[in-house]
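Can you read through this structure? Questions will come right after.
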Amino acid sequence: MAIKVNEKNRFFQLITKNTEYQIKADKFGVLKHIWYGERTDFDMEYLQNYPDVGFSGNIYEAGNCRTYSLDTMPQEYSCQGIGDFRISAVGITHTDGSGAIDLRYKGYRITKGKYSIPGLPAVYADENEADTLEIDLKDTASDICVTLKYAVLESLDMITRSAVICNKGTTAATLTKAASLCLDIPYGNWEWIHFHGRHTMERLPERAPLIHGIQECSSTRGASSHQQNPAVLICEPDCTETNGNCIGVLLMYSGSFQTQIELDQINQIRMVMGINPELFRWKLNPGEAFYTPEAVMSYSTTGMETLSHNFHKTIRHYVCRGKYKLAERPVLINNWEATYFDFDSDKIFRIAQQAAELGVDMLVLDDGWFGKRNDDCSGLGDWFVNEKKLQGGLGSLTQKITALGMKFGIWFEPEMVSEDSDLYRLHPDWAIQIPGRNPMRSRYQLFLDMSRQKVQDYLYDSIVKILDSADISYIKWDMNRSISDWYTSTLSSDRQGEMAHRYVLGLYSLLERLTTSYPDVLFEGCSGGGGRFDAGMLYYCPQIWCSDDTDAFERTKIQYGTSFFYPISAVGSHVSAVPNHQTGRITPIETRAVAAMAGSFGYELDLNTLSDDEKQAIKSQIVRFKKYGDLIHNGLYYRLSDPMTDEFAVWEYVSEDGSEVLVHGMIFRTSPNTLQIRIRLRGLSPIAMYRLESDGSQYTGKTLMNGGILLPKAWGDYCPIELHFTLVGGD
Ligand code: GLA
């Protein structure tokens, strides 16, 4: 059992393989945070000894004791309005308009297995893989009760958290904030790394020291967003990939989120993460409960690489679901950058024919196959086949494509509606807009109100109709704008603040229905590339189109940042044409392939326009991806360089059984009369012997990890790297 309780001291220890998290309910019933760090098997409360800090007041029951202050001591779920002036985890407005909540310990439960959260994605695990601790807290004055849930996945060094807030009183209250996690770290000198960006340049890591006050990364866009990601690392200044203390925290949520980190007046840290309170008000009538999304955290004393491995494994095995979660993914060809909106059945079939010859497994028909959709001004919402473009319908096209031995996939953007569409003409009230105001348009489109059951049902029926009309193996689920103008006619005025979260619940509910009804269909998430790349979406879609930027050089940065939390199999990544459509850059086809192989691999160009040499290259790439696929997706991933600062991007995969090692990457620029770049490998067995397949040379693991290996001399810019090692005598 990974959870230990000392009932007398009301002391809880959550113990994983290498780490430990400690909680204590003190004599006043305040739930104190004691420790998160390396496993100590010792009550770490002796480290907490607070002075009388001026202007940090004391709870009433503490009498004359001026050193007991909620404003200084570490807590598990900080409350608003009662004298902790740091970031609060929960905020509330009671019927009388007051806004205080004072949560005190009431009891606990321990169960085997992992709790789940109604309507929300969450880590799942068997009874022998996880244990759950629930701690009940209560605000006596209002009878608002909070249950803090902790699940411990011992072997993964992972702890998950979530809260349930229930109104057991007799009058209504309104939640103004309901965080998933509050994490206090009383000691240390910490920096943070968050992942920022924009459309076509997502999840760039930014590391900065913490400054006094609050720093934040967040989204108010209705989606987790291109601009910030609901994942954050805090680390000590000397922390590197392989050394030092760091904590990773991830929110499993696809809507507007907020992560705040405060460095307080006495140099302690508090992190609070959850739904963004800026767009959140939730009315709790007597008897009603609110469930927060899940936060997932891990601690490492051996640098960020360990954290990444923990998160990759957790997401792959305990977040992603369905047939494809661990299965080999089809190598796909997507027609978007090949044709944009300008295609018909023949053109698509010709691309499929050529792709089949080269070994591609699946054709994905992107935007433009439905309604009146010849550009992005119209058609969204009308999910019926445009037979002017697809002469003979979808059935006939898919039959021809499957006859080539290929699978067929199709694009949807279900959450949207174009004003120029039959759907909008029929149901203008289904679009999100505020009566009396003009809504913001983005890409000429509006959002459908996913909080409405009728909208969800319409989308379910429309998608099912298409899925049942042809042999469809894959859906690309896109979402191409940010949400504004929040309003729904289905909620009363005092409940409008619930809309943003209800939107996400509606989306999840529809995805749950569809993925359950069509367990054999592979869902790929997308939002203008990686605008909703989060663990919430990965619960339904085991892969997500990582970025609309398909430039191999830019991708090294985007995929580098993405890899801190998200596994390689989750990253949709394609080889596209040159000059690249986003940057105009020309990179060799092999370079584009190694970049795209760091993901769920595919192509996105008109293969018919390629030279014979390029076609041969593609054939060989697909053979290689199939050979390395298991190693790439199931192996451990190592970032061997930092492409944000280095002149090269190099990464490594080591197979689960250690028998194979693949080093991929590219040297950005070449220059004459320089030494070759030396790279040190990681994760090898020091005493084992490895053979470099390209020339048969052999090295011990120790040699490759300490001395390293010289990368081939670069010839031309963006020179690709591929070094494949096998364990000598390992097969
Ligand atoms: C988004 C996606 C692209 C493509 C287009 C189609 O931008 O990220 O891959 O599907 O929409 O409109």
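Output wanted: per-residue J couplings in Hz (rounded whole) for the stretch 118-127, from phi through Karplus 6.51 cos²θ - 1.76 cosθ + 1.60, θ = phi - 60°, x for Gly and Pro.
In residue order, the calculated couplings are x, x, 10, x, 7, 4, 10, 7, 6, 4 Hz.
Could I ask something else about it? For the stretch 648-727, what is the charge dipole size about the Cα centre, in debye to the nearest 20, if Lys and Arg each add +1 at the Cβ and Asp and Glu each add -1 at the Cβ?
Computed about the Cα centre, the dipole is about 420 debye.
At 7 Å along the Cα-to-beta-carbon direction for both MET440 and ASN243, put a label point, then send me their distance in nm to one decimal.
4.6
Let me ask something else about it. For the chain, give the magnitude of the charge dipole about the Cα centre (Cβ charges: +1 Lys/Arg, -1 Asp/Glu; no others), in debye to the nearest 20.
540
Binning at 10 Å from 0, report for the chain what percent of all alpha-carbon pair distances ends up in each bin.
The percentages, shortest bin first, are 3, 14, 24, 24, 19, 11, 4, 1, 0.
FRET efficiency for GLN453 and ASN673, Cβ-Cβ distance as r, R0 = 56 Å, nearest 0.05?
0.20
Give the residue from PHE533, ILE434, THR398 lying farthest towards the positive end of the charge dipole for the stretch 332-545; charges sit on Cβ (+1 for Lys and Arg, -1 for Asp and Glu) and the dipole is referred to the Cα centre.
ILE434
Same structure, new question: May I ask you to compute the full-extension gain from ALA289 to LYS168, defined as 0.36 nm times their residue separation minus their alpha-carbon distance, rounded to one decimal in nm?
Gain on extension, ALA289 to LYS168, equals 42.7 nm.
Right, here's the next one. Could you list which residues have their amide H under 5 Å from that of GLY525, counting only those 5 or more apart in sequence or on another chain, with H placed in the peptide plane?
Placed amide hydrogens put TRP477, GLN543, ILE544, TRP545 under 5 Å from GLY525.
Next question. Extension gain ALA403-SER493, at 0.36 nm per residue separation less the Cα-Cα distance, in nm?
Net length gain for the segment: 26.9 nm.
Rank MET450, LEU380, ILE558 by how far each Cα sits towards the positive end of the charge dipole of the chain (+1 on Lys, Arg Cβ; -1 on Asp, Glu Cβ) and give me just the farthest.
Most positive-ward Cα: MET450.
On to the next question. Angle, helix 303-318 long axis vs. longest principal axis of the chain, Cα atoms, 0 to 90°, nearest 10?
Helix 303-318 sits roughly 80 degrees off the main axis of the chain.
Can you list which of the chymotrypsin sites (Phe, Trp or Tyr not before Pro) found in the stretch 285-362 are DSSP loop residues with at most 15 other C-beta atoms within 10 Å?
Counting only loop positions with at most 15 other Cβ atoms within 10 Å, the chymotrypsin sites (Phe, Trp or Tyr not before Pro) in the stretch 285-362 are TYR340, PHE341.
Follow-up question, since we're still on this one. Over the chain, what is the relative contact order in percent, taking alpha-carbon pairs closer than 8 angstrom and at least six residues apart?
Dividing the mean separation by the residue count of the chain yields 10 percent.
Let me ask something else about it. Could you list which residues have their amide H under 5 Å from that of LEU210, counting only those 5 or more apart in sequence or on another chain, with H placed in the peptide plane?
For LEU210, the qualifying residues are TRP190, TRP192.
So if I take the alpha carbon set of the stretch 551-650, get Rg, then get Rh from the Kirkwood formula, what is the Rg over Rh ratio?
Rounded to two decimals, Rg/Rh equals 0.96.
From the backbone phi of the stretch 65-77, what are the Karplus-calculated ³J(HN,Hα) couplings (6.51 cos²θ - 1.76 cosθ + 1.60, θ = phi - 60°) in whole Hz, Gly and Pro given as x?
Once θ is set to phi - 60°, the couplings for the stretch 65-77 become 6, 8, 9, 8, 9, 5, 6, 10, 7, x, 9, 7, 7 Hz.
What distance in nm lies between label points placed 7 Å from Cα along the C-beta direction at GLU693 and ASP41?
Each label point lies 7 Å from its Cα, and together they span 4.4 nm.
Of the cross-linked pairs LYS32/LYS112; LYS4/LYS112; LYS27/LYS106, which ones have a Cα-Cα span greater than 21 Å in the structure shown?
In this structure, LYS32/LYS112 exceed 21 Å between Cα atoms.
Using modelled backbone amide H atoms (1.01 Å from N, in-plane), which distant-in-sequence or interchain residues come within less than 5 Å of MET201's amide H?
none
Translational diffusion coefficient of the stretch 332-545 at 10 °C, 1.306 mPa s, Stokes-Einstein with Kirkwood Rh over Cα pairs, in µm²/s as a whole number.
After rounding, the answer is 89 µm²/s.
While we're looking at this one, here's another question. With +1 on each Lys and Arg Cβ and -1 on each Asp and Glu Cβ, how big is the dipole of the stretch 332-545 about its Cα centre, in debye rounded to the nearest 20?
Dipole of the stretch 332-545, to the nearest 20 debye: 200 debye.
Just want the answer: with Cβ charges of +1 for Lys and Arg and -1 for Asp and Glu, which residue in SER489, GLY169, LEU605 is farthest toward the dipole's positive end in the chain?
GLY169
Fully extended, how many nm does the chain gain between LYS702 and THR111 (0.36 nm per residue separation, minus their Cα-Cα distance)?
Stretched fully, the LYS702-THR111 segment lengthens by 208.3 nm.
So what J values fall out for the stretch 430-443 if you push phi through Karplus, 6.51 cos²θ - 1.76 cosθ + 1.60 with θ = phi - 60°, rounded to Hz, Gly and Pro as x?
Here the 3J(HN,Hα) series is 7, 7, 6, 7, 9, x, x, 10, 7, x, 5, 9, 9, 6 Hz.
Sticking with this one: Under 20 Å from a point 7 Å along the Cα-to-Cβ line of GLU206: which residues of the stretch 217-245 have their amide N that close?
217-237
Along each principal axis of its Cα atoms, how long is the stretch 496-554 end to end? Whole angstroms, biggest number first, please.
In descending order, the Cα extents are 42, 34, 15 Å.
Moving on to the next point. How large is the convex hull of the C-alpha atoms of the stretch 648-727 per residue, in Å³?
Taking the convex hull of the Cα positions in the stretch 648-727, it is 80 Å³ per residue.
No value in this document is a laboratory result; all are computed from the given coordinates. Worth saying up front: this structure is predicted, and the values here are computed from it rather than measured. Virtual Cβ from ideal backbone geometry, glycine too; neighbours counted across all protein chains shown.
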